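The values are calculated or read from the model by the stated rules, or taken from the named source; none is laboratory data. Fair warning: this is a prediction, and the values are worked out from it, not measured in the lab. Here Cβ is always computed from backbone atoms with ideal geometry, including for glycine, and neighbour counts include all displayed protein chains. Just the protein is used for accessible areas: all its heavy atoms, side chains included, with ligands, DNA and RNA removed. Shrake-Rupley method; radii C 1.70, N 1.55, O 1.52, S 1.80 Å.
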Amino acid sequence: MSPHREHVDRSVRAERDRGASLVMAVGFVVLIGSIAAGLSSLIASSTNNRVTLASVRDRQYAADGAIEEAITSVRFLDREAEGSCGASAGAHTTTINDLDVRVDWQNVCGVVRTSTGELVAQRNVVFSACVDRGDTCREDDVVVRAQVNFEQAATGEVTRTWVQSWSVLQ
């Protein structure tokens, strides 16, 4: 091969490679920019989700605590009046986690026969907790619902409390 031809081949190869560094540098900058944009988007959405989840968690914990408080209150009601199966419903309000929570309760009573043949009241109560807006809990506002059985002795005294169901709805 002639020296002149060799010089031409080198200059052609040099011309083809010219600007390749610029393309690689631009590609690298775009790649790093895309990664940074993705990470900043992830951080922003995670921060927003944390605030939303904290709000939902506080509402659920408040409703849960309010139902537990209402169960205790209903357990010790006067069996001859508002705590009897004759009383159809009631309400309890409290403030937990800076939220006003209302718990509506409704008696779902029946009669069962014990193993000794004695008839006793089967006193079930359904509790529904929602954020208190001044009126009864609407079905679509209920955060937590529980059904509790208050086992009563023949004297009417509650001897045991059984949680039959506990549902977090929102």
Q: Please name which of 23, 51, 129 has its Cα lying farthest along the dipole of the stretch 22-152 towards the positive end, using unit charges on Cβ (Lys, Arg +1; Asp, Glu -1) and the Cα centre as origin.
A: 23
Q. Which cross-chain or sequence-distant (5 or more) residues have an amide H under 5 Å from the amide H of residue 122, H modelled 1.01 Å from N in plane?
A. 110, 111, 112
Q.
Using each residue's phi in the stretch 93-107, evaluate 6.51 cos²θ - 1.76 cosθ + 1.60 at θ = phi - 60° and report the 3J(HN,Hα) Karplus result to the nearest Hz, with x for Gly and Pro.
A. 10, 7, 10, 9, 6, 6, 10, 7, 10, 10, 10, 9, 10, 9, 6
Q. How much area per residue is accessible in the stretch 109-157 when the probe is 1.4 Å and only protein heavy atoms are counted (Å²)?
A. 54
Q: Name the residues whose placed amide hydrogens come within less than 5 Å of the amide hydrogen of residue 93, ignoring near sequence neighbours (fewer than 5 apart) on the same chain.
A: 103
